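Peer 1: Before I ask anything, here is the structure I am working with.
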Amino acid sequence: MEEADVAPYPVRPALPSAPEEAPAPKQSFWTTLPGILTGIAAVLVAVGGLVAALLPLVRGGDPGAPPTSAPPVTMPTVPPPSSPPSTGESTTTPPDPRPTGLNLVTNGDAEDGCLARANGDPVPGWTRVPRSATFTTERYGYNGFPPQSIPSTGRCLFAGGPAVPSDLHANDTSEATQLIDLGGTGESQSTLTYTLSALLGGYSTFPTDGRNSQDDQARLSIEFLASDSSVLGSAQIGPVTDADRNHSTTLLPRSTSGALPPKTRKIMVTVVMTKENIGPDKTIYNGYNDGYADNISLVLSRQ
């Protein structure tokens, strides 16, 4: 028997296979909740360390020093409305700048430069009036000047000075001044007193034979001046005359005191030597102006 043509079993075409799924990507730890929390904690720790390192530098301290607590903040005190605003000026009365208890006269004892100077040289600390006057210093016991035995004196004294050959009467009066600046404003709240003292005298020759003799003498005065140099008051001691000296060549102590005028800013001290004739003819020339002074002193005291 002929083999019949048998149709083969139909073959089902193969179905296309499903594509393989790609493997899911591996999830990062830092994207998970634990990773996120860990990162936040690390950032906070880093920021805290940076602040701890920088804080001492900002405060100006030692970076290695342990942190200190911030100083307490003090709130400014607001004055009550009735209090006047402060001007920054002290309301305390300043002390009186004027010196007390000291002799304010410079070279009042005539010792400064006495032995090293000659007649006609300027006397330290004093101004001649006029400048050509003969006011000078001399040594005790020399050439008829007062003896060294006068108490409380040094080696030298003030004298009126020698005659001027061109004018025999140029030294009839010999004058010198000294200006003392007390400083300050002269508006002292305290009461001050002054004491002015000196040894004053001169040369004496008693007229036993009826001829002219001399009674040379000296006086000392002060003027109290305001800041504009106006005169507020004055005081004087001397002169010590021939009669006061019992007709002897010597110096005697004289003094006066009182209250310093308010607003006194300066004091002018003036010493004047006068050449005096004794006898009927007042014009007879007696040569040297032998008015003498020493130990000139001006002391202020506070009550």
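Read the figures in this text as sums done on the coordinates, not as results from a lab. Values in this document were obtained by computation on a predicted structure and should not be read as measured data. Neighbour counts are summed over all protein chains in view; Cβ atoms, including those assigned to glycine, are modelled from backbone coordinates with ideal geometry.
Peer 1: Work out, step by step, the length gained on full extension between residue 229 and residue 100: first 0.36 nm times the residue separation, then minus their alpha carbon distance; give nm to one decimal.
Peer 2: So the chain would gain 44.3 nm between residue 229 and residue 100.
Peer 1: How compact is segment 114-302 by the rule of thumb for globular proteins, expressed as Cα Rg over 2.2 N^0.38 Å?
Peer 2: Values: Rg = 17.7 Å, N = 189, 2.2 N^0.38 = 16.1 Å.
With N residues counted in segment 114-302, Rg over 2.2 N^0.38 Å equals 1.10.
Peer 1: For segment 114-302, build the charge dipole from Cβ charges (+1 Lys, Arg; -1 Asp, Glu) around the Cα centre, then report which of 218, 246, 301 sits farthest towards its positive end.
Peer 2: 301
Peer 1: Sticking with this one: Among 33, 168, 251, which comes first, then next, by fewest other beta-carbon atoms within 10 Å?
Peer 2: Working: 33 7, 168 14, 251 24.
Ascending number of Cβ neighbours within 10 Å: 33, 168, 251.
Peer 1: Give me 264, 250 ranked fewest to most by other Cβ atoms within 10 Å of their Cβ, as a rough exposure proxy.
Peer 2: On the way: 264 22, 250 18.
The order, fewest Cβ neighbours first, is 250, 264.
Peer 1: Determine the gain in length on full extension of the stretch residue 33-residue 268; use 0.36 nm per residue of separation and subtract their C-alpha separation, reporting nm with one decimal.
Peer 2: Working: separation 235, 0.36 × 235 = 84.60 nm, distance 10.21 nm.
Contour length minus the Cα-Cα distance gives 74.4 nm.
Peer 1: What's the magnitude of the charge dipole for segment 114-302 around its Cα centre, counting Lys and Arg as +1 and Asp and Glu as -1 at the beta-carbon? Answer in Debye, nearest 20. Kindly include the intermediate steps, with their values, before the conclusion.
Peer 2: On the way: 15 positive and 18 negative charges, 101 e Å.
About 480 debye.
Peer 1: Would you list 213, 257, 132 from fewest to most Cβ contacts within 10 Å?
Peer 2: Taking fewest neighbouring Cβ atoms as first place, the list is 132, 257, 213.
Peer 1: Work out, step by step, the length gained on full extension between residue 148 and residue 166: first 0.36 nm times the residue separation, then minus their alpha carbon distance; give nm to one decimal. Before the final figure, lay out each step's value.
Peer 2: Values: separation 18, 0.36 × 18 = 6.48 nm, distance 3.27 nm.
Here the segment from residue 148 to residue 166 would lengthen by 3.2 nm.
Peer 1: Follow-up question, since we're still on this one. Placing +1 on the Cβ of each Lys and Arg and -1 on the Cβ of each Asp and Glu in segment 114-302, which of 198, 119, 174 has its Cα farthest towards the positive end of the resulting dipole?
Peer 2: Value: 198.
Peer 1: Using the Karplus curve 6.51 cos²θ - 1.76 cosθ + 1.60 with θ = phi - 60°, work out ³J(HN,Hα) for each residue of segment 140-149 in order, rounded to whole Hz, and write x for Gly and Pro.
Peer 2: Here the 3J(HN,Hα) series is 4, x, 9, 6, x, 6, x, x, 5, 6 Hz.
Peer 1: Go ahead and run the numbers for FRET between residue 117 and residue 246, Cβ-Cβ distance against an R0 of 30 Å, rounding to 0.05.
Peer 2: 0.40
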